[in-house]
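Undergrad: Next up is a structure, given as structure tokens.
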Amino acid sequence: MRKLVVAIDGPAGAGKSTVAQMAAKELGFTYIDTGAMYRAVAWKSLQQGKTVTDDLINDVVKDIDIVLNYKEGKTKVFVDGTEVTAAIRTPEVTGIVSQVAALGPVRERLTDLQRKMATQGSVIMDGRDIATNVLPNADIKIFLTASIEERADRRYKEMKAKGYDVDLKKLQEEIAARDKADSEREISPLVQAEDAELLDTSDMSIEEVVKAILDRCR
Ligand code: C5P
């Protein structure tokens, strides 16, 4: 198969990373989780006690070393040599990540890195601005979404399984707030690209969504 670039965008909790990882494994592609990269910057700024301001831009993003190690359907995330795979998924990181992701220098640095990562063979990259900004020439563009109720429910089960004591209603509010922040920011907001295909997964199983992606790639 020739080199193929697949861009998957969509709101929080749509299941992008779950299905993208599975599809990438099936196809032997590299999976690039750009949300994890924004989370990595948010995690490091919390570690350093930074508020989401210019401090962050100068000290955190300038020399942060982010490595995504994708193997056998799973991604391990490293920041400056430390594994942060679980640490970037805490409610604390989730609570500030959209603010961090709205900063121009953060987006510039990470977009640059993401484009470099996409040159290494066939890839599936997921995020918020992949089809519109990072890889506008992607071969396949999918906008993955689901109803807010369904997305909150999925996230609730995921967090419960990880041992977090979560409240479904609060989770729904947090997801809605993150979608609003991501859609309304000035730089590269979350929006369906004109040439992206809309895939509403509200009534689809994970396997059905993966199959839909595989069908488009084959
Ligand atoms: O995908 P995930 O929910 O882990 O992304 C976390 C956050 O990172 C998003 O809510 C968004 O603020 C930011 N993000 C972004 N652009 C991307 C990927 C993620 O702004 N391409």
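Undergrad: Tell me, what is the per residue accessible area of the range 6-91 in Å², probe radius 1.4 Å?
TA: Ligands and nucleic acids excluded, the result is 42 Å² per residue.
Undergrad: Counting only C-alpha contacts under 8 Å and six or more residues apart, can you give the relative contact order of the range 5-211 as a whole percent?
TA: Reported relative contact order: 34 percent.
Undergrad: Determine the gain in length on full extension of the stretch Leu198-Asn69; use 0.36 nm per residue of separation and subtract their C-alpha separation, reporting nm with one decimal.
TA: Result for the pair: 43.6 nm of gain on full extension.
Undergrad: Please compute the per residue accessible area over the range 135-178 with all protein chains in place, 1.4 Å probe, rounded to a whole number of Å².
TA: For the range 135-178, the solvent-accessible area averages 57 Å² per residue.
Undergrad: Something else now. With springs only between Cα atoms under 10 Å, which of Asp179, Asp33, Asp80 fluctuates most in a Gaussian network model of the chain?
TA: Asp80
Undergrad: On to the next question. Report the full-extension gain for the segment Asp59 to Ile206: residue separation times 0.36 nm, less the Cα-Cα distance, to one decimal in nm. Spell out each step's value before the answer.
TA: Working: separation 147, 0.36 × 147 = 52.92 nm, distance 3.96 nm.
Contour length minus the Cα-Cα distance gives 49.0 nm.
Undergrad: Another question, if that's okay. Roughly what would the spin-label model give for Gln48 and Lys3, points 7 Å off Cα along C-beta, in nm?
TA: Those two pseudo-labels are separated by 3.3 nm.
Undergrad: Say each of Glu92 and Thr18 gets a label point 7 Å from the Cα, pointing the same way as Cα to Cβ; how far apart are those two points in nm?
TA: 2.7
Undergrad: Note down the magnitude of the dipole of the range 5-211 about its Cα centre, charges +1 on Lys and Arg C-beta and -1 on Asp and Glu C-beta and zero elsewhere, to the nearest 20 debye.
TA: 520
Undergrad: Have a look at the DSSP beta bridges in the range 25-179 and tell me what percent are antiparallel, nearest 5.
TA: 65
Undergrad: Keeping all protein chains in position, work out how much accessible area Lys157 exposes to a 1.4 Å probe, and write it in Å² to the nearest 10.
TA: 130
Undergrad: Considering amide H positions built from the backbone, and no H for Pro or chain starts, which residues 5 or more places from Ala146, or on another chain, come under 5 Å of its amide H?
TA: Here the answer is Thr201, since their amide H atoms fall under 5 Å of that of Ala146.
Undergrad: Also: Taking Rh as the Kirkwood radius, which is the inverse of the mean 1/r over Cα pairs, what is the Rg/Rh value for the chain?
TA: Using Cα coordinates only, the ratio equals 0.93.
Undergrad: Now for a different question. Which percent of the accessible area of the chain is formed by carbon and sulfur heavy atoms (probe 1.4 angstrom)?
TA: 49
Undergrad: Please work out how much length the chain gains when fully extended from Lys180 to Thr85, using 0.36 nm per residue of separation minus the C-alpha to C-alpha distance, in nm with one decimal. Mind showing how you got there, number by number?
TA: Values: separation 95, 0.36 × 95 = 34.20 nm, distance 2.56 nm.
Result: 31.6 nm gained on full extension.
Undergrad: Another question about this same structure. Using a 1.4 angstrom probe and counting only protein chains, how large is the accessible area of Tyr164 in Å², to 10?
TA: 70
Undergrad: Now a separate question. Just check the range 52-160 against the gyration tensor rule for me: Cα atoms, a ≥ b ≥ c as the square roots of the eigenvalues, rounded for a/c under 1.5, and otherwise prolate or oblate depending on whether a/b exceeds b/c.
TA: Rounded is the answer for the range 52-160, as its axis ratio a/c remains below 1.5.
The values are calculated or read from the model by the stated rules, or taken from the named source; none is laboratory data. A quick note: this is a predicted structure, and the numbers were derived from the prediction, not measured. Every residue, glycine among them, receives a Cβ derived from its backbone with ideal geometry; neighbour counts consider all protein chains shown. What goes into the accessible areas is simple: the full protein's heavy atoms, side chains included, and nothing from ligands, DNA or RNA. Shrake-Rupley method; radii C 1.70, N 1.55, O 1.52, S 1.80 Å.
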